[in-house]
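The values are calculated or read from the model by the stated rules, or taken from the named source; none is laboratory data. Keep in mind that what you see is a predicted model, and the values were worked out from it rather than measured. Glycine also receives a Cβ, built like all others from the backbone with ideal geometry; neighbour counts cover every protein chain displayed.
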Amino acid sequence: MFTPKACTATCVLDGMPVTLTYFPDTTLLRITDANGRCVRETRWPAPWRTLLATLREFSGGQAHDQLSTLLDEIPVSQAPVRERAAAFA
């Protein structure tokens with residue numbers, strides 16, 4: 001069975017160093033502080049590269065509440081439209 005490797009990045013958000021760990025198979029995004037304690041865990045339904053691009057946008061400006069802003073701007077994935085099959089009697 002294939003287990004995808006987690007993607008990680010370390011950056012500073014809200015003045016504290018954090019490590020972002022993204023699991024592409026489950027879209028789980030875990031944010032931990034410098035001591036390894038989980039600060040936040042959520043779903044990031046976009047690719048890892050989109051998350052990195054979003055982080056780069058934050059590094060260019062003086063955004064307040066960066067972590068909250070980052071998580072509020074999570075891209076929304078479009079759920080596939082499902083058609084109901086007619087039930088046969």
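Things to note:
- Residues located in the stretch 11-51, provided they are outside any strand (DSSP E or B) and within 14 Å of the chain's Cα centre (by Cα): Pro24, Asp25, Thr26, Thr27, Trp44, Pro45, Ala46, Pro47, Trp48, Arg49, Thr50, Leu51
- Any hit, the stretch 45-55, residues being modelled with pLDDT under 85 and either touching a strand residue (DSSP E or B) at 6+ places or on another chain (Cβ under 8 Å) or surrounded by 14 or more Cβ atoms within 10 Å (Cβ to Cβ) (or both): yes
- Candidate set from the stretch 16-44 (those that are closer than 16 Å to Lys5 by Cα and of a type in the set (A, V, I, L, M)); member that is surrounded by the fewest Cβ atoms within 10 Å (Cβ to Cβ): Leu28
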